Each structure stands twice: as structure tokens, then as C-alpha cells.
Amino acid sequence: MSFSSPQLRRLKPAYQYVVNNFLAVLAVPLAVAGVVSAARVGPEELLARMHALRPVHVFLAAFLPAAAATLYLMMRPRSVYLVDYACFRTKPSHRVPFGTFLEHAKLVTFIEGASIDERSVRFMTRLLERSGLGEETCLPPAHHFIPPYRNLEASRQEVELVIFSAIDDLLAKTGIRPDAIDFLVVNCSLFAPIPSFTDMIIRKYKMRSDVRNVHLSGMGCSAGLISVGLARNFLQVAPRGSHALVVSTETITPNYYVGKERAMLLPNCLFRMGGAAALLSTSRAKARFRLSRVVRTLTGAQDNAYRCVYQEEDEEGHRGINLNKDLMTIAGDALKANITAIGPLVLPASEQLLFALSLIARRVFNNKSIRPYLPDFRLAFEHFCIHAGGRAVIDELQNSLGLSDEHVEASRMALHRFGNTSSSSLWYELAYIEAKGRMRRGDRVWMIGFGSGFKCNSAAWECIQPARDAQQGPWADCVSRYPVHIPEVLKH
């Protein structure tokens, strides 16, 4: 079932109008028929019929709809809003051009205990040339030393630099006091010190002693949306008007891999420093987005999915993250599961009907050559924030969802300018869309994140109020230069 032929393509707008407005199309003839029938009866006979009704019937006709409406309003989940967000703004001193990165990697080969060799450096060179990263991505200060510092103190310094900067910007933008925050959710996968990130934040900003706080670790690059979902659940049971602070980051300092396993060298080339802070509330006042849906899918019950992003030690004892060669296949399967779950919640009825008909046709005729209909998610969302995990990830999702280059522009440009900032990449992409002035009131945004486990998580947002100073965010010093052309192979 598809609209591939020109004739059917011309009929698609009419089909979408009829199906998506089915109730209205059905209600108009029924209303006309009711008016005509009442006119034929006449006013005297109509009044006589109304007087014949029993009081109990009149009472039930008025009470039951009112009771049902009241019960629905009491039982439905509260709306959760995004008051605002802020991303860590990198400094020029943190930038690591390709030449600097590769020179450092070559010098690491001479460090005692490291097993990275010239062959590994050549592999990373080829990878960087095809990665989609630009020359302005940043690494923490500890990685600018030879050998890179990977100790606990340097890791804590990176954490404080990134998350405190993002939170400071967020508090300045929203004007909220730290003691007005009721919930604190932080996610960082690879670094979980004692005291935790939440303890660092509570101490820094002198938050209340009763603030509920959670630090999520080991959840991968999709943990940002998990944190949003957790904060939403907290706010559902809190007094109206409560606030939840969500902080997403990944600490790069302790995770530089000095071995020579190629699958474990990939994170060295792709991951860069970054972080974001977001303020959620059940109060609509000053809110900029409404959280429509959060959908999580987990495929960790399958062994290959569980191990496709796996922290381990190589044969020489060097610790790193192993990215399995089947990662893209597993990510595609997780995406299909997530689409199946979120599709009925966000797609218009016309797309859901086409998908159902194609599925029925495949089963009735038992013909696998009938391709399942791929819903057009462009009818459900105006903007797409796809996790900037790498060029291959963005390419795969663009092809799978049938998106245009403009739809994935934010993801490609965030990868080029900031690299893979893990769970915070989605916020850099949202900031890009707003910095370009493309966000409008009522626009819908789909955030898609992937992470270890293996997980694919989605969040749907609706814009209430576009940013007034969007160009003051992480793209302030470079948005005028974007978008840029990203060649298949970058020669430097």
C-alpha cells in the first residue's frame, strides 16, 4: 500500500483530509439530517415529545456526561512543560583540530604502558576523515596534556566545568532560585564518583535538604530522554507548579582508550565534551515547550543487542568501550520497535490506516513481497532531533524515515560542530533549530536517542513559545557559518 504512482500521489491530500477529519465529515450530514427531521416534526409536536420525557431521563442525560468529563479531568496525567534549557558553551582553548588530535595520539604511542601504535593512528585518521566531525570539536583540558590525565581529580574538574556552566546559564535564563527546585535528575554513563553528581550540584547551589535526587549511570547516549521521563513521573505525583532539573552529560576525561583494538578506538574519535541542563515543571507559566510523549524501547533481552555497546578491557588490560560491528543493524531494529510504539500516539489517522492495511494485506495474502507501508512522520513533526552518534547513525535514520536533508540538518551540524556529546546532543540540535529561527508556535519536535543496552528512546514536544534570544546559546559564535558542506572524505 503506497502512493508511489503520480495518480495516487495526487489523491493523497484528499484521502488525508477525509480520514483525518472523519468525525467532522460524518457529523455534518448527521447534523443536517437532524435539523431536517426536526423541521418536519414541527415545534408543537417537538415540545410534546420533550414534555413526555421522564425527569430521570433528563437528569441522566445531563449528569452522566458531566460526571464522565469530571472524572476524565481528574484522572488524566498532568501536562509537563519545558520551562527552558541551556547547553554548555565550549571555549576556544578546548578545541582539538584533527592535526592536534592525531599528533597527540602519535605521542601516546611512546608512553610506557600504552599499546596504541602507528597502525592504530592511521586507522583513527581514516575514521576522522569520514566521521562528519569538524575542526572545532572540544576535548576536556585533561586531554590536552601528554599523556592525557585520566585521574579522579581531573575527571571531577571536567564535571564541574560542564554541568555548573550549563546550570548557571539555565538559572540565569529562567530566573528560578535553586531552592525552588523540587527534583534533580542527572545522567552520566561512564563516571559515577562518590559523592555523586547530584551531591555536587546540591552542595554548589545550596539546594533544599528535601530535594529528591537521582544519578543515572550506565544508560548510554539515550539517558537524557530517560531522565526527562523520570522527571515527568516525579512531577505527576508532586504538588502542581513543582520544578525538576534535568542535567545530561558524559565525562570524557577518564575514558581515553590507549589500546589498539579498532572497535574500542572509535569512541576516542567520536566523543567530545558537552552537557545540557533543562528545567521541567507542571506550571505552564513561562514554559516554552509541552512534553507530549516519552516512549522507551529496550532490546537488552537479546545477547547481541546487550553487548553491542560494551565497556570492557582488551587483552592487554586497557579499558574502553567496544562498539560492535552489528551496531547499526541492532539500532535499526530498536528504531522499528520504537516507531511501532510511538506511531499510534502521534501519527494522523490517515497514516495509521495505511500502515494497518499494508500489514493486513501481507498477512491475508501471505506475500512477503508486499512491502509494509512506512508512515510519513513528517505529517506528525516539523522538526527532528536525531542523536548525533555518528555519520552512519544519521544516514540510517534519514533513509529509514524518509527525511529530507533539511530535516537532519540540525543533527549533522551538531555532529560537525560539537561531535558526539552523548545524551546532551539532542539539546544542541534543538538549540540549532531555534538559533536558525525555524521554530514556530505549535511546531512539533521529535527527539530520538540511542544508547547501550540496547535502547531507543523518543520524546515528542510541542512548542508553546519560541526563544527570544536563541542566538545567545551554544551556537552564538558560529550559527551564521552554518549549515556547511560536509564531504564524504575530509582531507586536511
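Taking every C-alpha pair closer than 8 Å and separated by at least 6 residues, the mean separation divided by the residue count of the range 80-288 gives a relative contact order of 36 percent.
Please figure out what share of the DSSP beta bridges in the range 80-288 is antiparallel and state it in percent, rounded to the nearest 5. All intermediate terms of the calculation are to be shown ahead of the outcome.
Working: 14 of 24 bridges.
Bridges in the range 80-288 are about 60 percent antiparallel.
So with the 1.4 Å probe, I'd like the accessible area per residue for the range 80-288, rounded to whole Å². Before the final figure, lay out each step's value.
Values: 8310 Å² over 209 residues.
With the other protein chains kept in place, the range 80-288 gives 40 Å² per residue.
So between Arg371 and Ala337, what do we pick up on full extension, going 0.36 nm a residue minus the alpha carbon distance? Taking Arg371 through Ala337 to full extension adds about 10.5 nm, to one decimal. Computed from the C-beta positions of Ser283 and Val364 and an R0 of 51 Å, the FRET efficiency is 0.50 to the nearest 0.05. Once the C-beta distance of Ala180 and Leu345 is scaled by a Förster radius of 30 Å, the resulting FRET efficiency is 0.40 to the nearest 0.05. Counted by Cβ distance under 12 Å from Thr297, the other residues give a net charge of +2, where Lys and Arg count +1 and Asp and Glu count -1. Taking N as the residue count of the range 80-288, its C-alpha radius of gyration divided by 2.2 N^0.38 Å amounts to 1.13.
Computed from the C-beta positions of Leu107 and Gln471, the FRET efficiency with R₀ = 35 Å rounds to 0.35. Phi angles across the range 119-135 convert, under the Karplus curve 6.51 cos²θ - 1.76 cosθ + 1.60 with θ = phi - 60°, into 3J(HN,Hα) values of 4, 5, 5, 5, 5, 5, 4, 4, 5, 4, 5, 10, 7, x, 7, x, 8 Hz, Gly and Pro given as x. As a fraction of the 1.4 Å probe accessible area of the range 80-288, surface on carbon and sulfur atoms comes out at 53 percent. Restriction of the GluC sites (Glu not before Pro) in the range 341-407 to DSSP coil positions whose beta-carbon has at most 14 other beta-carbons within 10 angstrom yields Glu406. Between Glu160 and Ala192, the modelled label-to-label distance comes to 2.3 nm, taking each label 7 Å out from Cα in the direction of the beta carbon.
Around Val228, with a cut-off of 13 angstrom between Cβ atoms, what is the net charge of the other residues, counting Lys and Arg +1 and Asp and Glu -1? Could the numbers behind the result be given before it?
Details: positive: Arg232, Arg290, Arg293, Arg296; negative: none.
So the surrounding residues net to +4.
Note on His144: accessible area approximately 60 square angstrom, rounded to 10, probe 1.4 Å, nucleic acids and ligands left out. The label point for Leu379 and the one for Lys206, both projected 7 Å from the Cα toward the Cβ, are 5.6 nm apart.
Taking label points 7 Å from Cα along the Cα-to-Cβ direction, Ile146 and Arg130 give a separation of 2.8 nm.
Largest first, how would Arg288, Arg481 line up by accessible area (1.4 Å probe)? Don't jump to the answer; show the numbers that get you there.
Working: Arg288 20, Arg481 110 Å².
Final ranking, largest accessible area leading: Arg481, Arg288.
The values are calculated or read from the model by the stated rules, or taken from the named source; none is laboratory data. If you're wondering where the values come from, they're calculated on a predicted model, not measured in any experiment. Please note: Cβ atoms are built from the backbone with ideal geometry, for glycine as well, and neighbour counts cover all protein chains shown. For accessibility, only protein heavy atoms count, side chains too; no ligands or nucleic acids. Shrake-Rupley method; radii C 1.70, N 1.55, O 1.52, S 1.80 Å.
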